[in-house]
Each structure stands twice: as structure tokens, then as C-alpha cells.
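Asker: This is the structure, below, for whatever I ask next.
None of the figures in this text is laboratory data; all of them are computed from the coordinates on show. Just so it is clear, the structure is predicted and the values come from calculations on it, not from any experiment. Glycine also receives a Cβ, built like all others from the backbone with ideal geometry; neighbour counts cover every protein chain displayed.
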């Protein structure tokens with residue numbers, strides 16, 4: 001699951017928890033004309049479904065029912081050069097790819113090898129192999145940039161919560177649009193499940209939800225009801241539009257971080273990914289449109305905590321894995337190609353005989369992006385990602401001036 005809520009938290013703060021959205025955004029000011037955006041996909045995106053290695057002859061034996069139709073067929077994947085294909089739910093991303101503004105990066109993973117969502121998300125956002133540090137790596141990026149003077153010096157968090165990625169000594173303010181965070185059916189289902197055995201709160205919560213027309217299908221464990229939902233689609237597009245307008249302002253913030261949930265596709269993955277991928281695609285297009293000409297000075301890094309198993313499970317989904325796909329987008333990105341040292345999908349090539357093997361550290365991707373786009377030095381990158389000397393910054397991520 002993408003997140004859990006303790007029963008104590010439910011009892012002490014039901015009304016506050018019930019306003020939590022499946023999309024969150026944080027923004028921060030920085031004295032630069034370059035914009036840098038991180039999109040965190042919480043729940044573990046299946047990289048083999050988003051950027052499909054259809055040219056690998058072992059793919060169909062592992063997960064034939066999960067593979068989209070071939071390029072050129074009805075509802076087929078978009079061809080990315082003869083070996084990889086982009087999921088058909090990503091038409092806007094593909095249009096940007098064709099314009100050279102999207103660089104998919106495959107077989108990438110963090111330096112950790114845990115398959116726990118919570119531990120992996122923390123480590124991904126801390127930028128370390130362990131939890132011995134308290135600030136997020138994007139907050140440490142802000143610490144490396146010259147301070148902005150004036151009333152807009154502080155960062156700004158837009159949404160209900162600030163990502164761990166942006167937490168730290170550099171202050172980040174907060175803003176939540178009125179009526180933005182609407183509780184999802186999945187959240188209501190979790191609250192009801194946590195209290196089902198309680199003779200006092202269980203019946204009361206169940207009766208209250210029935211009164212709001214949340215029927216048994218919503219309250220079930222049907223895999224088709226789990227990942228994604230309309231709220232992800234609408235909320236990300238709305239927030240991306242707002243964030244783009246703020247980032248485009250002359251005195252606006254320059255650093256942003258989104259959190260999108262709904263990627264834990266243990267069952268019914270083909271249908272379960274359509275809405276999250278569609279919302280992701282629409283949101284990225286909205287961000288580009290809102291930025292206008294400033295898209296050329298914007299870089300977006302999309303990453304997730306780990307990938308998913310190479311083979312389909314018994315419920316037509318996938319389980320927690322290792323390597324996955326990341327994306328770099330922007331007007332000056334050296335895209336229109338897939339960046340990968342492909343490890344292969346035969347049994348001997350899989351990590352622990354089950355997962356896509358990692359051939360690139362996500363910190364190399366992030367360090368390369370920060371160096372190319374924000375001009376961070378090697379010393380600054382070492383402070384942002386301590387203990388990452390073996391993860392050299394990835395080169396060639398932007399077009400030559």
C-alpha cells in the first residue's frame with residue numbers, strides 16, 4: 001500500500017487526516033532563473049510497464065498479459081526507437097519526447113535494496129543509503145544556492161504536507177488552495193478498516209460512510225479499486241497548473257516537489273495503471289503549458305522508490321522489486337532517446353532471480369541534473385548527496401548551448 005494511518009492518529013485527528021490528498025506539492029524560493037521540479041511517484045512505479053522493453057525476447061514469457069499492444073496497433077505503445085515503447089496512457093509525454101524534451105532513464109534504482117515502501121521512500125528523499133541524516137536532499141540543494149533577499153526569501157509548500165525531500169534547515173512556507181484536498185474512497189476505506197474491530201468507533205464510522213453512499217464495492221479489497229482514481233488525475237493537473245504559474249512569476253519560487261500516490265499495483269495492473277498514468281501525463285502537460293516560455297529554463301525529475309517484479313503475479317499485478325524507470329523532462333533536456341545500460345530479463349540476468357537489475361544509481365541521475373541545470377559544483381553535490389562518491393553525475397542531460 002502507498003501509506004498507512006495508525007488507529008491512534010485516526011481517533012485523534014480524523015477530520016485533518018480525511019483532507020489528505022493523493023497529490024501534494026511543495027515549492028521553494030531560489031535566486032536563479034532556472035526552475036527545478038521533482039515528481040515523487042509513491043508506491044513503486046512499474047518501469048517495465050511505463051517504458052516497455054518490448055525488444056527483449058524474455059519479456060513476454062514473464063508478463064505477456066501486462067504488455068500493451070505493439071507500436072502501430074490499436075491502443076499500442078509509442079515506439080521509442082525500436083527496443084523500448086512508451087505506455088499508451090502517456091500521449092503528452094510522448095509528444096514532448098518527440099520534441100526532444102523527455103529523456104526516459106531505465107534500469108535505475110537507489111543505493112538501498114529494501115522493498116519496504118516506507119523505508120525506501122525515506123531513503124530516496126534523504127538521498128542516502130541509511131537514515132542517519134535528517135534533511136531531504138532538495139532542502140540541501142537550497143542550502144547550496146545563494147539566499148534570496150526580500151519577502152520571497154522563504155520557500156513555499158503548496159498542499160497538505162511537505163515532502164521529506166524538502167524538509168530541513170532551509171525554511172519552506174506553506175499554502176493550501178481552498179477546497180483542494182478532497183478525501184478519496186481509498187482513504188475512507190482505510191479508516192473504516194482500522195476501526196472495524198472497535199465496538200465504539202467501528203459501527204459509527206461504518207454507518208457514517210454508508211450514509212455518504214460509500215457502498216460495499218468501495219469498501220472492498222478489489223484490486224481494481226486500489227491504485228489511482230479520479231482525484232490523482234484532477235488534483236495533479238490542477239496543482240501542476242498552479243505550480244507552473246507560480247514558478248513562471250518573476251519573483252516566484254524556483255524549486256518544487258510533487259508527491260503522487262497510487263502506483264502500488266499488486267493486482268489488475270493494466271487497468272490499475274491507466275488512471276494514474278493518465279493523470280500523470282495530463283499534469284505534466286499542464287505544468288509545461290503554465291510555465292509558457294519558462295519551460296525552456298525548467299527541468300523536471302520523475303522518480304519512484306523502487307520498481308516491481310519482472311514476472312506477473314497471480315492477480316495480474318506485480319510485487320515490490322528493484323530497478324525501474326525515471327524521467328527527465330524540460331525545454332532544454334537532451335531527450336528524444338532512452339538512456340539505459342540494459343541488463344536483460346533472462347533468469348540469470350534478473351536481480352535475485354526476480355527483479356530488473358539496476359545498472360544506474362538514481363543519485364547519478366539527480367547529481368547530473370543538478371550540475372547541468374543549476375550549476376552545482378562537485379563539492380556541492382557531495383554535500384547534497386553525502387557518501388555518494390561511487391555515483392558519478394550523469395553527463396549529457398542538457399543540450400549544448
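Asker: Just to be sure I understand the model, the point goes 7 Å from the Cα along the line to the Cβ. What's the resulting residue 130 to residue 193 distance in nm?
Answerer: 3.3
Asker: Using label points projected 7 Å from each Cα along Cα→Cβ, tell me how many nm separate residue 359 and residue 390, to one decimal.
Answerer: Taking the simple label geometry, residue 359 and residue 390 are separated by 1.9 nm.
Asker: I need the shape label for the range 258-401. Rule: rounded when a/c is under 1.5, else prolate if a/b > b/c, else oblate, with a, b, c from the alpha carbon gyration tensor.
Answerer: Details: a/c = 2.24, a/b = 1.31, b/c = 1.72.
Oblate.
Asker: Please give the contour-minus-distance gain from residue 251 to residue 58: 0.36 nm per residue of separation, less the Cα-Cα distance, rounded to one decimal in nm.
Answerer: Numbers: separation 193, 0.36 × 193 = 69.48 nm, distance 5.16 nm.
That pair, residue 251 and residue 58, stretches by 64.3 nm at full extension.
Asker: Note the full-extension length gain between residue 377 and residue 315 as 0.36 nm times their separation in residues minus their Cα-Cα distance, in nm to one decimal.
Answerer: The span from residue 377 to residue 315 would gain 17.6 nm if fully extended.
Asker: Quick check for you: which residues of the range 363-391 have the amide N under 20 Å from the point 7 Å beyond the Cα of residue 147 toward its beta carbon?
Answerer: The answer is 380, 384.
Asker: For residue 75 and residue 113, FRET efficiency with R0 = 35 Å and r from the beta-carbon atoms, rounded to 0.05?
Answerer: Working: r = 36 Å, r/R0 = 1.01.
Efficiency for this residue pair is about 0.50.
Asker: Determine the gain in length on full extension of the stretch residue 200-residue 95; use 0.36 nm per residue of separation and subtract their C-alpha separation, reporting nm with one decimal.
Answerer: 32.4 nm
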